[in-house]
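Participant: Handing you this structure, nothing more for now.
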Amino acid sequence: MTGQDKPLVFVTVGTDHHRFDRLMGWMEQWLAANGHVRCVVQHGPADPPVGAECHDFLPHADMQTLFRQATAVVCQGGPGSITESRQAGRLPIVVPRIARLDEVVDDHQVRFSRHVATFGKVALAESAESLHAHLDRALADPAEYAVPDEADETAPAVARFGRLVDELVATPRRRRRPRPDTTG
């Protein structure tokens, strides 16, 4: 089986300058037992996992292609990666960064990821065992980790936002007269 014939697992840590070695270690453990996959990892400043095709950073267009081609997507708990994965038709397996491990400045990713998981928008993985189980399920049944095209959900919101901005910009604003200086 060539690299192109193998199922693709795409892993991205986003663009944060904090290291995410915990996720890289979990991926390395899983890859050691799963040589039947092609794994592309955008690892940022973290140590790259053995067994994967590794990149510090990738151009946005390349990442979009990988999101679309992947059988499974693993990402940090940032809204950008989650949204891009879903827009490409993949339910992201999300490992939120943790502040006490110096992976991020605060635990906003934990709170956000848990919240969106309650709506079924992500597959939450807060342990190595959970991540590995999600990866195994995604490869065994890719349809379970596919999502419908969400362009219909976002397009009306984007259009409404554009109209609001247009209205705001087009509305003449009254110029305020300077207040007289009463300090002196």
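Participant: Could you pull out the residue among Arg111, Arg160 that is at pLDDT below 65 and either under 18 Å from Gly80 (Cα atoms) or surrounded by 10 or more Cβ atoms within 10 Å (Cβ to Cβ) (or both)?
Facilitator: Arg160
Participant: Just to be sure I understand the filter: pairs with C-beta atoms under 8 Å, separated by 6 or more residues or on different chains, first member in segment 119-133 and farther than 17 Å from Thr12 by Cα, second member among the basic types (Lys, Arg) and part of a helix (DSSP H, G or I). Which pairs pass?
Facilitator: Partner pairs satisfying both residue conditions: Lys121/Arg86.
Participant: If only one of Val74, Val50 is of a type in the set (Val, Ile, Thr) and without any contact (Cβ under 8 Å) to a residue 24 or more places away in the chain, which one is it?
Facilitator: Criteria check complete, one pass: Val50.
Participant: Which pairs have Cβ atoms under 7 Å, sit 6 or more apart or on different chains, and link a residue in segment 96-111 that is more than 13 Å from Gly14 (Cβ to Cβ) to one that is assigned to a helix (DSSP H, G or I) and not aromatic (Phe, Trp, Tyr)?
Facilitator: Close Cβ pairs (under 7 Å, with a partner that is assigned to a helix (DSSP H, G or I) and not aromatic (Phe, Trp, Tyr)) amount to Ile98/Val110; Leu101/Arg22; Val105/Ala99; Asp106/Ala99; Asp107/Ala99.
Participant: For residues in segment 69-108 being farther than 18 Å from His43 by Cα and of a type in the set (Asp, Glu), which is surrounded by the fewest Cβ atoms within 10 Å (Cβ to Cβ)?
Facilitator: Asp106
Participant: Which of the residues that make up segment 124-142 are in a helix (DSSP H, G or I) and closer than 18 Å to Ser85 by Cβ?
Facilitator: Answer for segment 124-142, where residues must be in a helix (DSSP H, G or I) and closer than 18 Å to Ser85 by Cβ: Ser130, Leu131, His134, Leu135, Arg137, Ala138, Leu139, Pro142.
The values are calculated or read from the model by the stated rules, or taken from the named source; none is laboratory data. Only a predicted model underlies this, so the values are computations on that prediction, with no experimental measurement involved. Cβ atoms come from the backbone with ideal geometry, glycine included; neighbour counts cover every protein chain shown.
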